[in-house]
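**Student:** The structure under discussion is supplied below as structure tokens; questions concerning it will follow.
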Amino acid sequence: MYLNDPANCPVRPPDGPGALRRRLLGALGLGGGGPGEPAAAPDAPPRPPPPPPPAITPKQFLGVAAATLAVSVAGGVALGVGAMALYRARPHAAVYGAIALQVGLPLSAGFAALASGAPLGAAAPGLLTAGLVAFVYYLYRAQLGLVARLLGTAAQAVSRVWGVVVVAAGIQLAAALLCAPLAASALLAYANGRVVPSPAAAGPAPPGGGGQGGDEGGAGLACVTAAGDPTPCCAWQPDGWALGLMALCAVALTWTSLLAFCIKTYVVSGAVSAWYFSPAGAPAPKDATRAALANALGPSLGSCALAAWLLACISWARQGLRQLRENARDSFLAQVLLSCVDALYAILEQLSKFGVVMAAITGEPFLEAARRSTALLSRNLLDTVAVWVFPANVVGLTNLALAGAWAALAGASSYRLAFAPAEARAAAAAAAAGAPGADSAGSLALPLAALVGLCAFGCGLAALSFLASVLLSAADAVYVCFAIDRDRAAVSREDVHEVMALLPASKKAAEAAAAGGREGPGGGIVEQPGGGYAFGAGRPAAF
């Protein structure tokens with residue numbers, strides 16, 4: 001390993017064109033003629049003859065992989081559509097299936113450890129995790145049915161304005177095209193630098209103590225840290241201007257990706273709110289998605305940019321907090337304080353997202369919309385934190401289960417239909433010709449099938465995660481629209497109000513109103529028989 005040799009740092013840069021490339025490739029251990037790479041001796045022994053060609057050629061693998069990748073992309077979209085249909089038709093099955101998966105996986109791992117003869121301490125983490133997760137869901141069992149109905153309502157809203165899925169995909173694609181040059185610029189800037197002694201290296205490793213030939217965790221590392229942990233002796237240090245450019249690219253990347261997220265949330269919220277407040281029995285306005293996109297890229301672009309910048313600052317602050325928590329692992333008080341600050345940042349992040357939703361509904365500037373949404377949710381005492389933790393968790397676990405099933409199907413199909421037959425034919429031809437290695441059939445089929453399955457898992461999970469983000473944004477929009485209805489004592493969607501009436505805060509408010517109505521003059525309401533007027537006793541004044 002190039003960076004492990006103390007003689008290579010600091011490195012004197014070689015002269016001539018391509019010197020920088022050779023230095024970086026040498027530091028990465030990729031060759032390229034850099035320093036520290038011994039030249040071949042003129043009297044070196046002859047190389048052994050090349051091995052026989054593999055049964056599966058790279059061209060065959062690339063052909064199968066390309067076909068599988070195309071099918072995986074299409075299959076990922078089909079999985080997403082199927083997941084949306086599942087949330088719409090059988091939301092309770094999706095919720096309880098995700099809970100069973102979250103409890104069953106660590107429980108299975110614990111029992112598997114016990115069955116293999118491992119001590120109880122090795123199985124305890126899995127068993128305790130399963131028990132803790134089951135206990136938490138038991139405490140919130142009243143909210144689980146509500147979460148299922150919420151996801152079903154959100155899926156119904158997306159189905160009414162399905163154009164938002166296409167627009168959201170276009171926004172994601174545009175963001176990827178904008179972020180690609182920024183990422184390439186950061187990588188090119190990183191290539192400008194030199195090899196220096198590693199700041200973490202405190203000295204050479206003792207013989208047999210984690211250096212060359214040491215233990216497995218530090219094999220091949222000739223230096224150690226101050227704590228005695230093995231570490232490379234050298235490190236790659238980019239130039240000062242390159243660090244500044246990389247930092248600027250990182251800021252631009254974060255801001256651009258979050259801006260795309262805010263625009264997508266704005267469009268989905270605007271289209272869903274147009275469906276929510278449309279007359280009963282009438283479909284959503286046909287131009288709802290186009291109008292929301294025009295507002296997001298026009299008058300409200302500054303609001304989306306400001307919200308994205310605030311979310312980026314919160315993200316950077318939380319990353320800094322995580323670094324502080326790593327550095328203060330021995331201080332319990334510091335851990336508690338940093339955890340409280342992290343929770344405050346998480347609340348600010350959620351309120352900022354609700355501010356974008358409110359801006360899409362009302363057209364107000366972001367700061368005014370965020371202030372209004374916070375006051376709205378506070379006045380109505382909605383269970384924002386208690387209820388909305390679960391949908392993202394349920395959707396994420398469902399996505400993992402569906403993507404894993406799709407990966408297993410793709411890997412097994414490629415093994416049975418492509419790789420195993422190809423190696424069997426090659427083995428049969430080698431055996432007929434009397435060539436050596438005829439007994440190695442199947443040696444590459446399983447690893448290549450696993451690689452294809454991994455690609456299918458990535459494609460499926462990406463498609464499912466995208467559609468899940470649209471679904472959760474729609475759920476947030478329905479949630480805020482219900483709060484607006486409740487704040488002005490209106491019912492725009494009876495089916496949504498039937499679902500939201502199951503909120504614990506809504507139940508308490510209904511029970512309090514019913515109790516007040518039984519008290520007679522303190523809270524009774526008298527309605528005119530033939531008119532639209534109602535008279536109610538107000539709350540008694542407090543002195």
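The values are calculated or read from the model by the stated rules, or taken from the named source; none is laboratory data. Since this is a predicted model, take the numbers as computed values, not measurements. Using ideal geometry, Cβ is built from the backbone for each residue, glycine included, and neighbour counts are taken over all protein chains shown.
**Student:** Could you look through the range 39-91, keep only residues that are surrounded by 15 or more Cβ atoms within 10 Å (Cβ to Cβ), more than 30 Å from ALA392 (Cα to Cα) and not hydrophobic (A, V, I, L, M, F, W, C), and pick out the one that is modelled with the lowest pLDDT?
**Tutor:** If we take residues in the range 39-91 being surrounded by 15 or more Cβ atoms within 10 Å (Cβ to Cβ), more than 30 Å from ALA392 (Cα to Cα) and not hydrophobic (A, V, I, L, M, F, W, C), then PRO54 is modelled with the lowest pLDDT.
**Student:** Tell me, yes or no, whether the range 112-125 has at least one residue that is under 24 Å from the mean Cα position of the chain (by Cα), assigned to a helix (DSSP H, G or I) and either charged (D, E, K, R) or surrounded by 15 or more Cβ atoms within 10 Å (Cβ to Cβ) (or both).
**Tutor:** no
**Student:** Here's a follow-up. Collect the residues in the range 365-383 that are charged (D, E, K, R) and either in a helix (DSSP H, G or I) or at pLDDT 90 or above (or both), keeping them in residue-number order.
**Tutor:** Result: GLU368, ARG371, ARG372, ARG379.
**Student:** Could I ask something else about it? In this structure, is ALA226 farther than 30 Å from ALA183 by Cβ and modelled with pLDDT of 80 or more?
**Tutor:** When the stated conditions are applied, ALA226 does not pass them.
**Student:** Okay, next question. Is there a residue in the range 500-515 that is under 22 Å from ALA155 (Cα atoms), modelled with pLDDT of 60 or more and part of a helix (DSSP H, G or I)?
**Tutor:** yes
**Student:** When the residues of the range 337-363 are narrowed to those that are without any contact (Cβ under 8 Å) to a residue 60 or more places away in the chain and farther than 30 Å from GLU326 by Cα, which ends up surrounded by the most Cβ atoms within 10 Å (Cβ to Cβ)?
**Tutor:** GLY355
**Student:** Quick check: anything in the range 288-299 assigned to a loop (DSSP other than H, G, I, E, B) and under 28 Å from VAL478 (Cα atoms)?
**Tutor:** yes
**Student:** Conditions first: (1) farther than 21 Å from SER465 by Cβ; (2) at pLDDT below 80; (3) not aromatic (Phe, Trp, Tyr). ALA346 passes all but one, so which condition is the exception?
**Tutor:** Status for ALA346: all satisfied but (1).
**Student:** Got a number for residues in the range 167-187 being touching a residue at least 24 places away in the same chain (Cβ under 8 Å) and within 28 Å of ALA85 (Cα to Cα)?
**Tutor:** Residues meeting the conditions: 7.
**Student:** If you go through the range 448-496 one residue at a time, how many are of a type in the set (Phe, Trp, Tyr), modelled with pLDDT under 85 and within 17 Å of the chain's Cα centre (by Cα)?
**Tutor:** The total comes to 0.
**Student:** Which condition from (1) within 18 Å of SER473 (Cβ to Cβ); (2) at pLDDT below 85 is the one that ALA360 breaks?
**Tutor:** (2)
**Student:** VAL167 - would you say it is at pLDDT 90 or above, over 30 Å from LEU245 (Cα atoms) and assigned to a helix (DSSP H, G or I)?
**Tutor:** When the stated conditions are applied, VAL167 passes them.
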